[in-house]
Amino acid sequence: MKGTPLRAADEASVPSARTAAPDADRATSAAGRSSGRFLARAALLTAVLSVAGSVLGLARDQALARLFGAGGETDAFLVAWTVPEFAATLLIEDGLAFALVPMFSLALARRAQGAPGDPVRALVASTLPRLAPAFVAVGALVVVCAPQLVGAMAPGLPEHALAVDCTRLTATCVVSFGLAGYCSAALRAHRRFLAPAAIYVVYNTGIITAMFVLGGRWGVRSAAAGVAAGGVLMVAAQLPSLLRQLRRRNDDDGEVRAVPDDRARPLALALFTTVLLFALCRQSQVLIERFLASGLPSGAISHLNYAQKVAQIPMTLSLMLCTVTFPVVARAMADGDTERARDRVERDVALAACVVLLGAATVVACAPQIIELLLQRGAFTAADTAATASVMRVYALGLLGQTVVGALARSYFSAGRASWYPLGAMAVGIAATAGIGAYAVGPWAVTGIAAANAAGITVTAAVLLAGMGPRSVPVRVRRVLGDLGRPVAAATAASVAGALVAGRFAVPAVSLAAGSAAVVGVYVLLGRVLRVQGIAPALDSVRSVTRRLIHGRFGFSSRSRRPR
């Protein structure tokens with residue numbers, strides 16, 4: 001009661017209560033540090049395997065260029081390649097992941113709160129039986145409508161029949177990518193990143209193997225057969241890990257049933273609709289490019305493809321952190337902790353921008369050397385190198401926009417709610433891409449198409465950033481703009497310095513090494529001077545990883561260790 005004196009026992013308990021608070025604070029701080037270390041290790045593991053997948057992707061493109069060159073046959077395959085490109089974006093990288101990761105995060109939160117049964121297995125039982133037949137139906141539709149799809153995507157393509165054959169072979173990836181994307185989303189929500197990060201390693205391995213084994217008999221169709229085989233390997237690489245996660249609950253939980261929820265179904269349908277339409281709209285940039293390039297001389301589509309694949313490697317690496325932390329943001333939103341989600345998104349955008357701009361500066365400074373070393377062999381000539389390098393430099397101007405769109409789009413869908421704003425922002429960017437491309441393709445050919453791509457995605461990034469607030473994680477827009485402006489200045493100076501240094505050497509390997517070293521040196525120096533967020537943590541991480549590798553103490557575990 002009020003005014004009652006403390007008893008002796010109460011007085012004795014006061015010191016322990018006072019000391020308990022600092023202990024709790026220390027425990028919370030230790031847990032935060034442990035979680036941060038786990039995220040760092042997960043991001044590093046994902047980055048390493050993604051680099052391995054990208055290296056194999058380059059080897060795949062090198063094999064394609066060496067075996068089939070940059071002519072009409074390769075153009076035909078690359079038109080068919082639109083199917084796996086769309087499927088990867090819709091079902092693995094963006095669309096399905098944006099919808100499923102928040103759903104699994106919410107189910108995991110309900111499991112942690114002691115909800116009856118197992119909400120995670122109930123979610124699988126209520127979603128996978130509906131999605132799998134949809135994947136099969138869409139794949140069958142692509143097979144049947146392949147001639148019409150090729151005619152719509154590339155009306156001026158000479159090798160129409162070959163493109164139709166390749167499209168029908170790649171249509172199987174709609175099913176395999178859908179299942180692979182489902183497994184990836186579920187595993188990442190469970191904070192399991194090894195198997196999802198390895199899928200492009202096995203995928204590209206399948207394509208490369210098929211080209212060398214079947215290329216002599218099937219020609220470029222062997223690459224399409226490799227896409228089909230690689231998709232199956234994607235599922236096989238993840239399924240055992242997912243099954244282990246779903247079996248983790250004790251058997252005494254009872255039978256898991258998917259309880260119908262009429263209120264949840266419209267919400268889930270709306271979420272899947274908005275997410276898939278956004279991803280489809282984003283990937284339609286490729287359709288615009290190939291439509292415009294199909295009327296240009298033979299090889300134009302190939303030059304665009306090779307330039308884009310190489311130029312986007314820095315963007316892919318920069319988004320690895322966002323891929324790892326997206327389940328963290330989704331879980332924070334599921335718990336109602338918008339401040340933690342906001343801080344995480346702001347840091348992610350700043351760090352991703354720091355990484356991608358360093359890569360973009362290197363691409364601008366050393367594009368001819370990169371393409372010559374990677375692709376100029378066999379049927380890929382010096383003229384192809386010059387054309388591809390000029391396009392790649394222009395593509396690099398849109399890499400920051402690509403990264404910002406990838407990072408912010410996750411924020412809009414992290415709460416597991418349907419949002420039409422990202423689709424509207426992407427539609428504005430696509431309209432800009434189409435309009436600028438139609439105007440620029442005449443005077444500047446493939447370079448004009450690449451410029452339209454860079455301009456359109458930058459417009460989308462600006463519109464997405466302007467709309468942050470009640471529709472998504474409420475980031476501080478001015479702070480984000482400040483975090484983006486400083487590395488842009490550093491990257492601009494670094495690209496100029498790198499180009500000047502690279503131009504002093506005749507040997508491509510030496511020129512690339514010297515130019516890249518100049519880019520990194522100038523970028524890091526100016527980054528420290530301008531206080532670019534991400535430079536100091538990146539250097540600390542490199543030093544830490546180096547020490548671990550030297551002493552043989554580097555490891556990866558999802559289990560938190562107790563602070564010593």
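Taking the condition of being out of contact with any Lys or Arg (no Cβ under 9 Å at 6 or more places or on another chain) and either part of a helix (DSSP H, G or I) or open to solvent by 10 Å² or more (accessible area, probe 1.4 Å) (or both), how many residues in segment 61-74 meet it?
The number of residues fulfilling the criteria is 9.
Does Ala432 satisfy the condition of being part of a helix (DSSP H, G or I), among the hydrophobic types (A, V, I, L, M, F, W, C) and touching an Asp or Glu at 6+ places or on another chain (Cβ under 9 Å)?
No: the conditions fail for Ala432.
Here are some residues: Gly527, Gly515. Which one is touching a Ser or Thr at 6+ places or on another chain (Cβ under 9 Å) and either surrounded by 21 or more Cβ atoms within 10 Å (Cβ to Cβ) or modelled with pLDDT of 95 or more (or both)?
When all the criteria are applied, what remains is Gly515.
Identify, by number, the condition in (1) at pLDDT below 85; (2) open to solvent by 10 Å² or more (accessible area, probe 1.4 Å); (3) closer than 30 Å to Ser419 by Cβ; (4) out of contact with any Phe, Trp or Tyr (no Cβ under 9 Å at 6 or more places or on another chain) that Met153 doesn't meet.
Only one criterion is unmet by Met153, namely (4).
Looking at (1) buried (at least 24 other Cβ atoms within 10 Å of the Cβ); (2) within 30 Å of Phe77 (Cβ to Cβ); (3) aliphatic (A, V, I, L, M), which is the one condition that is false for Val329?
(2)
Among Ala379, Ala387, which is the only one that is assigned to a loop (DSSP other than H, G, I, E, B) and farther than 29 Å from Arg41 by Cβ?
Ala379
Can you say whether Arg340 is within 28 Å of Val477 (Cβ to Cβ) and open to solvent by 20 Å² or more (accessible area, probe 1.4 Å), as far as the supplied structure shows?
yes
In segment 487-520, what residues are of a type outside the set (Val, Ile, Thr) and free of Cβ contacts under 8 Å to residues at least 24 places away in the same chain?
The answer is Leu500, Gly503, Arg504, Phe505, Ala506, Ala513, Ala514, Ala517.
Output the number of residues of segment 417-442 satisfying the condition of being within 22 Å of the chain's Cα centre (by Cα), more than 14 Å from Ala293 (Cα to Cα) and not aliphatic (A, V, I, L, M).
Number satisfying all stated conditions: 7.
Examine segment 360-380 for a residue that is under 23 Å from the mean Cα position of the chain (by Cα), over 28 Å from Trp81 (Cβ atoms), modelled with pLDDT of 85 or more and open to solvent by 20 Å² or more (accessible area, probe 1.4 Å), and state whether such a residue exists.
Looking through segment 360-380, none of the residues is under 23 Å from the mean Cα position of the chain (by Cα), over 28 Å from Trp81 (Cβ atoms), modelled with pLDDT of 85 or more and open to solvent by 20 Å² or more (accessible area, probe 1.4 Å).
Here's the yes/no breakdown for (1) of a type outside the set (Asp, Glu); (2) surrounded by 20 or more Cβ atoms within 10 Å (Cβ to Cβ); (3) touching a helix residue (DSSP H, G or I) at 6+ places or on another chain (Cβ under 6 Å); (4) assigned to a helix (DSSP H, G or I):
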position	(1), (2), (3), (4)
Ala438	yes, no, no, yes
Gly442	yes, no, no, yes
Ile449	yes, yes, yes, yes
Thr460	yes, yes, yes, yes
Leu464	yes, yes, yes, yes
Ser472	yes, yes, yes, no
Arg479	yes, no, no, yes
Gly482	yes, no, no, yes
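Just for helices (runs of 4 or more DSSP H) wholly inside segment 207-321: which have at least 3 residues that are open to solvent by less than 40 Å² (accessible area, probe 1.4 Å) and modelled with pLDDT of 85 or more?
The helices (runs of 4 or more DSSP H) meeting that bar are 221-246, 264-293, 300-311.
Any idea which of (1) surrounded by fewer than 18 Cβ atoms within 10 Å (Cβ to Cβ); (2) at pLDDT 90 or above; (3) in a helix (DSSP H, G or I) is the one Arg547 doesn't satisfy?
Only one criterion in (1) surrounded by fewer than 18 Cβ atoms within 10 Å (Cβ to Cβ); (2) at pLDDT 90 or above; (3) in a helix (DSSP H, G or I) is unmet by Arg547, namely (2).
Given the residues Pro563, Pro537, which is the only one that is assigned to a helix (DSSP H, G or I) and at pLDDT below 85?
None of the others qualify; the one that does is Pro537.
Being hydroxyl-bearing (Ser, Thr, Tyr) and more than 25 Å from Pro327 (Cβ to Cβ) narrows it down to one of Thr74, Thr127, Thr89, so name that one.
After ruling out the rest, the residue left standing is Thr74.
Which one is nearest to Gly515 (Cα to Cα) among residues in segment 485-495 that are buried (at least 21 other Cβ atoms within 10 Å of the Cβ) and of a type in the set (A, V, I, L, M)?
Per the criteria, the residue is Ala494.
When the residues of segment 149-193 are narrowed to those that are under 21 Å from Met103 (Cα atoms) and not in a helix (DSSP H, G or I), which ends up farthest from the chain's Cα centre (by Cα)?
Once the filter is applied, the top-ranked residue is His190.
The values are calculated or read from the model by the stated rules, or taken from the named source; none is laboratory data. In this text, all values refer to a predicted model and were calculated from it rather than measured experimentally. Please note: Cβ atoms are built from the backbone with ideal geometry, for glycine as well, and neighbour counts cover all protein chains shown. The accessibility values were calculated without ligands, DNA or RNA, using every heavy atom of the protein model including side chains. Shrake-Rupley method; radii C 1.70, N 1.55, O 1.52, S 1.80 Å.
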